[in-house]
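The values are calculated or read from the model by the stated rules, or taken from the named source; none is laboratory data. Keep in mind that what you see is a predicted model, and the values were worked out from it rather than measured. Cβ placement follows ideal geometry from the backbone for every residue including glycine, while neighbour counts extend to all protein chains displayed.
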Amino acid sequence: MDNKKMKIKDPDLAKVGVALERAAANARKLGFETNTPVYVYRDGKIVDIVADLQAKRSRTKTRTKSSQKNTIQRRSKA
């Protein structure tokens, strides 16, 4: 396929890409704020990016809590 840029003469059509990006950003923001699934196509799979973020946050919190416990235990032993 040829990837030449075409000049779009219709001003409404010229703004479609920007409008789609803005709508996607608003959908992601709303999904994160309301804990609503937001599905995207990533690496050949459909994934929920809200659930992915929550899983990453919970792993980070778990690591942080366990490292805090270890620090407290070390201090009390010293």
Members of segment 1-48 that are assigned to a helix (DSSP H, G or I) and of a type in the set (Lys, Arg): 22, 28, 29
Of the residues that make up segment 59-75, is at least one loosely packed, with under 10 Cβ neighbours inside 10 Å and modelled with pLDDT under 90? yes
Counting only residues that are charged (D, E, K, R) and under 12 Å from the mean Cα position of the chain (by Cα), segment 1-32 contains a total of 2
Would you check if there is a residue in segment 8-19 being surrounded by 10 or more Cβ atoms within 10 Å (Cβ to Cβ), of a type outside the set (A, V, I, L, M, F, W, C), modelled with pLDDT of 90 or more and in contact with a helix residue (DSSP H, G or I) (Cβ under 8 Å, 6 or more places away or on another chain)? no
